[in-house]
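Presented below is the structure to which this report refers.
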Amino acid sequence: MIKVEQVVRDYQAGETVVKALKGVSLEIGDGEFVSIAGPSGSGKTTLLNLIGCIDALDSGEILIDGVKVTSMDKKEKTTYRRNNLGFIFQTYNLIPVLSAYENVSFVLSILNLPEAEIHQRTMAILREVGLQGMEDRRPSRLSGGQQQRIAIARALVKNPRIVLADEPTANLDSKTGQEILKLMKAMNEKYHTTFIFSTHDQMVMDFADRLILLHDGNIISDERRSV
Amino acid sequence: MKFIVELALKNLARYKRRTIITAIAIAVGLMMYIIVDSMLIGAEYESMRNLRWYETSSARILDSGYWENRMQLPLDKNIAQPYRIIEELRDEGFVGTPRTTFSADMILSSEDFGEEGNLPVLITAIDPRTDNDVFRFEDTLIEGRFLRPGEDAVVLGSWFAEDLGAKVGYWVTLVTRGNGGFYEAMDLQVVGIVNCPNPNVNRTLVMMPIDTAGDYLAMDGAATEINILLPDSKDANGYLVEIQSIIDQSDDNLAVYSWEALAKDYLAIAEAKRGGTGVILFLVFIIAAVGISNTMLMAIYERIRELGMMRALGMTDSAIHMAFIIEAGGIGLIGSIFGVIFGAFGNFFLVNYGINFGMIMRDMDMGYRIQSVLKGAWNPSAIIIAFLAGFILSMLVAWIPTRRALKMDIPACLRHQ
Ligand SMILES: Nc1ncnc2c1ncn2[C@@H]1O[C@H](COP(=O)(O)OP(=O)(O)OP(=O)(O)O)[C@@H](O)[C@H]1O
Ligand SMILES: [Mg+2]
């Protein structure tokens, strides 16, 4: 359960202050498949970063399962992210020198899991995202869609509570983008993982169970939709 | 941890060209360090040897009054019966030879030299029969012949002869004050020219037979010094004590001085120079350090987004530090290994064949007592220092840019480029 309460985030851009979020409040329950949409500059990335504990808010509070993020220090945030959060990025952000397999397995390595378990879980998740047989390939030898599948596998392999995806399909063509969304949805249903993804693409919004619209740092609509 | 090491090694292997170029830069730096160090040690070693072979001998007996006024070269503060003492020394297994040193005006006649002239010179009067038991001038003869006892002759250092325009067969006149203060002039013929490997000597050397000089200067069999050759040994001081006790039996005023005491000024300069060369070596290291820090800066800069991703996924700062330090250490290790191999290889030639510096040393007084071929010396500690410094420094310089990258907040890392 994620609770966002009156969150304000200001950026200092030289002399001027940019109000990226102007007091945003919302609740996201476990296992939701939520899209945060809005035009460029509306504050989507800022909101995801705050929920993902990689940015600090200026006022308000975010509670994740009752824990205030403002009370966590840097180390606790790192530990929290390591154990509970998966990230999917617009630009995949894979490590070019590692194979598909290694790009996924390192997430488990930094959790200090036993080698056998790492292997078993990595192979299983790669199979699920449809990359069976491509384990040894470097990212540069895979298509954009395949690279984003690695990223999804990487986000999911540790079985996190929440996956945050900032415009995960923006670099993909619409057909591949849809496949990626379907995969995310399937994972959401299978593992009951909370997915929060941002977009400004109508097709992507249509995939969400719940659509939160941001505009200029404010939530202007929040609707649940039946699929 | 295993993942971190693997990641670092894969990055090393991935950016092969950059790894190789940086490693070569480090290797060249270390090679320079090893070779420069070897040359400096070689130069110093040879300087000290040439100092003993051509200037100071291993030890010298002087009248203590002479030692106190040694700048004035006082002929009256002499060793009255040098041969008796040399005899006594020989009985105890030491080799000695007498010398008398005095200053004079050398007058050049227009007949031989084309124009007249005179210049102050320092004359070393030697015993041609025994001088080469202690010094090494005979081996350095390049023209004419060596001195014979009792003749009115001089042998000149080749650079001095060249500066003068002197040739074998020319005559020179020396004017000096004898023992007692009277003026004396002697006409002497140049019979030989030596090329002494000690440039200081070769630039100024005028040698004549000690008995001839003794007659002119009214030394009455005395010499100003006895030079002694000591066997190569760690215990030079033991010898000095022994020699002192021998000479104490015949003359209270005599004392023996080690070559280190005689060459005190030179050794002080050498010491100062060692500090100076430390600066050179330090600079070599700075160059290597700048090279690798630049490389690591680039490596880190182009991976900032990757870094942001790893941090977002919960990798700790210390793990990221570790990854870059291992990567830099890997480059440093490769560079150090090659640096030591190249350095040892280059040094092998330097030690066995040397470099010919003859022409440079003549025109430039660098204070070193060496001429012509300079050979290096093996210095294991320099090689070990080079190796460790290359390796450790590489890791240290990776620390700073990594820390800077880790100070960026994660969203900034992820936005990068
Ligand atoms: N580091 C920063 N410094 C200054 N201003 C910033 C910074 N990050 C974001 N902003 C500003 O905050 C506002 C919200 O930015 P944010 O990145 O959250 O928008 P977004 O909805 O993700 O936009 P986009 O669709 O372009 O990614 C924008 O006006 C942006 O210019
Ligand atoms: Mg954004």
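Checked against (1) farther than 20 Å from residue B:151 by Cα; (2) touching a residue at least 12 places away in the same chain (Cβ under 8 Å), residue B:245 passes all but condition (2). Count of region A:22-69 residues, restricted to those that are of a type in the set (Asp, Glu), over 20 Å from residue A:155 (Cβ atoms) and away from ligand 1 (no atom under 16 Å from the Cβ), is 2.
Residue by residue, here is whether (1) touching a strand residue (DSSP E or B) at 6+ places or on another chain (Cβ under 9 Å); (2) among the small types (Gly, Ala, Ser); (3) touching a residue at least 24 places away in the same chain (Cβ under 8 Å); (4) under 20 Å from residue B:28 (Cβ atoms) holds:
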| site | (1), (2), (3), (4) |
| --- | --- |
| B:288 | no, yes, yes, yes |
| B:293 | no, yes, yes, yes |
| B:302 | no, no, no, no |
| B:309 | yes, no, yes, no |
| B:313 | yes, no, no, no |
| B:318 | no, yes, no, no |
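Condition (residue is assigned to a helix (DSSP H, G or I), touching a Lys or Arg at 6+ places or on another chain (Cβ under 8 Å) and modelled with pLDDT of 80 or more) applied to region B:266-280: is it met by at least one residue? Yes, that holds for at least one residue. Put simply, of A:38, A:43, A:52 the only residue that is of a type in the set (Gly, Ala, Ser), more than 30 Å from residue B:15 (Cα to Cα), touching a residue at least 24 places away in the same chain (Cβ under 8 Å) and touching a Phe, Trp or Tyr at 6+ places or on another chain (Cβ under 9 Å) is A:52.
Name, by its number, the condition in (1) out of contact with any strand residue (DSSP E or B) (no Cβ under 7 Å at 6 or more places or on another chain); (2) surrounded by 22 or more Cβ atoms within 10 Å (Cβ to Cβ); (3) within 23 Å of residue A:24 (Cβ to Cβ) that does not hold for residue A:72. Result: residue A:72 fails condition (2) only. Can you tell me which residue within region A:54-66, out of those that are more than 16 Å from ligand 2 (Cβ to nearest atom) and within 14 Å of chain B (Cβ to nearest Cβ), is farthest from the chain's Cα centre (by Cα)? Within region A:54-66, the match that is farthest from the chain's Cα centre (by Cα) is A:58. Among the conditions (1) more than 14 Å from ligand 1 (Cβ to nearest atom); (2) among the β-branched types (Val, Ile, Thr); (3) buried (at least 22 other Cβ atoms within 10 Å of the Cβ); (4) over 16 Å from residue A:163 (Cβ atoms), the only one that residue A:104 does not satisfy is (4). Of all residues in region A:180-203, those being of a type outside the set (A, V, I, L, M, F, W, C) and either within 15 Å of residue A:92 (Cβ to Cβ) or not in a helix (DSSP H, G or I) (or both) number 7.
Give region B:1-31 a look and list any residue that's crowded, with 22+ Cβ neighbours inside 10 Å and of a type outside the set (S, T, N, Q), or say none.
Pass one, region B:1-31, residues crowded, with 22+ Cβ neighbours inside 10 Å: B:4, B:7, B:11-12, B:22-23, B:26-27, B:29-31.
Residues satisfying the conditions are B:4, B:7, B:12, B:23, B:26, B:27, B:29, B:30, B:31.
For region A:176-203, residues that are more than 16 Å from ligand 1 (Cβ to nearest atom), closer than 15 Å to residue A:144 by Cβ and modelled with pLDDT under 90 total 4. In region A:148-172, the residue that is surrounded by the fewest Cβ atoms within 10 Å (Cβ to Cβ) out of those that are of a type in the set (S, T, N, Q) and farther than 16 Å from residue A:109 by Cβ is A:171. Just one of the listed residues (B:39, B:106) is assigned to a helix (DSSP H, G or I), under 29 Å from residue B:269 (Cβ atoms) and either basic (Lys, Arg) or in contact (Cβ under 8 Å) with a residue 40 or more places away in the chain (or both), namely B:39. The residues in region B:204-242 that are in contact (Cβ under 8 Å) with a residue 60 or more places away in the chain and either closer than 30 Å to residue B:161 by Cβ or of a type in the set (Gly, Ala, Ser) (or both) can be counted, and the count is 23. Inspect all residues belonging to region B:7-15 and state whether any of them is in contact with a Leu (Cβ under 9 Å, 6 or more places away or on another chain) and either within 20 Å of residue B:268 (Cβ to Cβ) or free of Cβ contacts under 8 Å to residues at least 12 places away in the same chain (or both). Yes, region B:7-15 has at least one match.
Would you point out the residue of region A:31-53, among those that are assigned to a loop (DSSP other than H, G, I, E, B) and away from ligand 2 (no atom under 13 Å from the Cβ), that is surrounded by the most Cβ atoms within 10 Å (Cβ to Cβ)? Step through it out loud before you land on a result.
From region A:31-53, those assigned to a loop (DSSP other than H, G, I, E, B) are A:31-32, A:38-43, A:52-53; that's our starting set.
Subsequent filtering for residues that are away from ligand 2 (no atom under 13 Å from the Cβ) retains A:31-32, A:53.
Working: A:31: 14, A:32: 20, A:53: 23.
Taking the candidates together, the pick is A:53.
Residues in region A:70-78 include at least one that is touching a residue at least 12 places away in the same chain (Cβ under 8 Å) and either within 16 Å of ligand 1 (Cβ to nearest atom) or more than 14 Å from chain B (Cβ to nearest Cβ) (or both).
State the number of residues belonging to region B:249-265 that are more than 17 Å from residue B:53 (Cα to Cα) and of a type in the set (D, E, K, R). Number of matching residues: 3.
I'm checking my understanding of the structure. Among residues of region A:10-30 that are assigned to a strand (DSSP E or B) and under 19 Å from residue A:197 (Cβ atoms), which one is farthest from ligand 2 (Cβ to nearest atom)? Give the derivation first.
Pass one, region A:10-30, residues assigned to a strand (DSSP E or B): A:10-13, A:16-28.
Still in the running and under 19 Å from residue A:197 (Cβ atoms): A:20-21, A:24, A:26-28.
Numbers: A:20: 10, A:21: 12, A:24: 15, A:26: 17, A:27: 22, A:28: 18 Å.
Going through the qualifying residues, I end up with A:27.
Candidates B:256, B:241, B:172: the one that is more than 30 Å from residue B:109 (Cβ to Cβ), out of contact with any Phe, Trp or Tyr (no Cβ under 8 Å at 6 or more places or on another chain) and part of a strand (DSSP E or B) is B:256. Against the conditions (1) in a helix (DSSP H, G or I); (2) within 14 Å of another protein chain (Cβ to nearest Cβ), residue B:315 satisfies every one except (1).
Would you call residue A:163 of a type outside the set (D, E, K, R) and either at pLDDT below 95 or within 16 Å of ligand 2 (Cβ to nearest atom) (or both)?
Details: of a type outside the set (D, E, K, R): yes; either at pLDDT below 95 or within 16 Å of ligand 2 (Cβ to nearest atom) (or both): no.
In short, no.
Looking for something closer than 30 Å to residue A:115 by Cβ and among the β-branched types (Val, Ile, Thr) - is there at least one such residue anywhere in region A:196-214? Within region A:196-214, not a single residue is closer than 30 Å to residue A:115 by Cβ and among the β-branched types (Val, Ile, Thr).
The values are calculated or read from the model by the stated rules, or taken from the named source; none is laboratory data. Nothing here was measured: the structure is a model prediction, and the numbers come from that model. Please note: Cβ atoms are built from the backbone with ideal geometry, for glycine as well, and neighbour counts cover all protein chains shown.
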